[in-house]
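Just so it is clear, none of the values below were taken in a lab; they were calculated from the coordinates. These numbers come from a predicted model, not from an experiment. Because the Cβ atoms are built from the backbone with ideal geometry, glycine has one as well, and the counts that use them run over all protein chains shown.
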Amino acid sequence: MMHIAALLQVADPQLPSTGAGAFIIFTLIKMIIVFTVYMVGAALLTLAERKVSAWIQNRHGPNRVGGRGGWLQPAADGVKNFMKEETYPAAAYKPIFILAPILAFIPALTTVAVIPFGAPLPTRWGLIPMIVADLPVGFLFILAISSLGVYGIVLAGWSSNNKYALLGGLRSSAQMISYEISMGMSTIPVLLLAGNVTLNTIVNQQAYGGWNVVNLTIAFFIFLVAAFAETNRLPFDLPEAESELIAGYHTEYSAMKFSLFPISEYCNMITASALMVTLFFGGWDVPFTGRDNVGPFSGWLTLLSIVIFLAKTLFFLFFYIWIRWTLPRFRYDQLMSLGWRFMLPLALSYIVIIAAVILALDSAGIRRGAMYSSILGAVNMVLVVLVFAILDRGRIISPSYARSRADQLARLKSAASRSPLSAGATD
Amino acid sequence: MPIGVKVLDRPIEDVSYIRATIKGMGLTFKHLFADKVTVQYPEQKWGLSPRWRGTHRMLTTETGKAKCVACGLCPTVCPANCIKLIPGEDENGNRYPLVFEIDEFRCIFCGYCQEVCPEEAIHVGRHYENSEYSRAGFVYDLERLTSQTHPVCEMWDPEDPRGE
């Protein structure tokens, strides 16, 4: 036991110098707590989604199971899903058909392990970091694992031997590949600023350098859009577009195997929200307080920071549902053009600009602090105005009603006037 | 085949996607706190129109017998052919229905039977909660029809077209 801890210590100097026994026990406790909170959170999220959806549509939502709030609705849904009959389509390739929900579910569960959720807890065995696995490659791990989730979806679509399921799986893979790149690119400015890929370091950097959403708004915007696309949520739910593909990749699934897909979607939502909070909203950093990332730590600070972290994450989960009932689904060409023709060039040029600014500031000898952050913030303001006020003029997404060039318009109008169907139309 | 396409030339401010999104989010957020329109069905119910035509009811005389005189007008007028009537006659020469059955599955709830009835005996009712455990339960016999208590439909009156 002792030499494992010693090896871990050598591999990652950031690990606290707790004893091996304490390390293992505390890790186990953290695993159990995080897993429980995560799964219960995903279950309650199904209820929250239905409730918020209902409120936005001027309805009440579930209010029968477990009192007026419908609190036991997730439990009832779970029981229902376990009781349902498992069906296997005759033409499905069974081994992969069974494997696919598992492949979708496990990456969704795994990623949360590297997200820090609170200030370190001082105990008599040393400082316990509030993170399940304090990986030195933190953020890279998330990028690697979260893109594995697409295998579950693609294999589900393929093994179902159903054309709609296959189309859903293909769309999902195309979408994930397109947005994975923008997502990775959008976080590079954050990593440049923090100088590290460990999520704890990123949180600490934001605790004294200002939240990244203030300094790197465009990176946040790209990350937000990409996170929506990665989790297959509206307006990017093309893989399961009901009006076109029945249910998309999970058309042929039933009972708990079906249920694993929505559960992993909700888990991905939680992870993406937690990641947005960590990368851009200061993680567990308590707002309007300075230096809560350095000691002295206390149990109360840990508790407060966990509550703050959960509150921030809940806001983003609400945001997901809010957007769902605001924006309609993209057309497939809009999805691709937004990903490749707008977000990727924007993310790349943003990396260049931010890297240049950081290089300039560093070589000018400006220390990280208020001055540094305000210069970054000023640069950011200019860029935000550029992107949101000038670039956003029918160019972000090509809508069917975008202004056409005069010659195109004349050609379309003359074609329309020649059409036999528009005979007698005045316009 | 070419179709007539209406080509819109919108002003450039209208195609700002982010502005439109924020506007839409404001709208949906307002709806979060708006009054709810749901009617909590088993506890709350909508009132029915006085001319609602639901499952039938046979009215009775003071002595508790069905008002029906088995004249045979309602099975004749019924467009769905859902009324089964076998007339009988007692020792005083009064006609009464030996069998009077309405198959509510076949019925199209047109209300002709109520309109045509000279004795105002058969009525369509203001009622919609009709679940049964078997299909046979939907063939209402005379006993079932007379024991129903729900209010009956008020037929449209040409003198009073708005029902006032």
Inset, instruction - Considering each residue of the stretch A:26-83, count those that are free of Cβ contacts under 8 Å to residues at least 40 places away in the same chain and outside any helix (DSSP H, G or I), and give that number. - result: 15
Legend entry - Of all residues in the stretch A:352-372 being in contact (Cβ under 8 Å) with a residue 12 or more places away in the chain and part of a loop (DSSP other than H, G, I, E, B), the one that is farthest from A:L192 (Cα to Cα): A:G369
Inset, instruction - Within the stretch B:65-87, track down each residue that is farther than 14 Å from B:P118 by Cβ and β-branched (V, I, T). - result: B:I83, B:I86
Inset, instruction - Determine which member of the set A:Y253, A:Y208 is over 23 Å from A:L346 (Cα atoms) and surrounded by 20 or more Cβ atoms within 10 Å (Cβ to Cβ). - result: A:Y253
Legend entry - Residues of the stretch A:55-77 satisfying the condition of being closer than 19 Å to A:F318 by Cβ, surrounded by 14 or more Cβ atoms within 10 Å (Cβ to Cβ) and more than 10 Å from every other protein chain (Cβ to nearest Cβ): A:P62, A:G70, A:W71, A:Q73, A:P74
Inset, instruction - Within the stretch A:90-109, identify whether any single residue is within 29 Å of A:I306 (Cβ to Cβ), part of a loop (DSSP other than H, G, I, E, B) and among the β-branched types (V, I, T), and answer yes or no. - result: no
Inset, instruction - Tally the residues that are over 17 Å from A:R324 (Cα atoms) and surrounded by 20 or more Cβ atoms within 10 Å (Cβ to Cβ), restricting the search to the stretch A:224-246. - result: 1
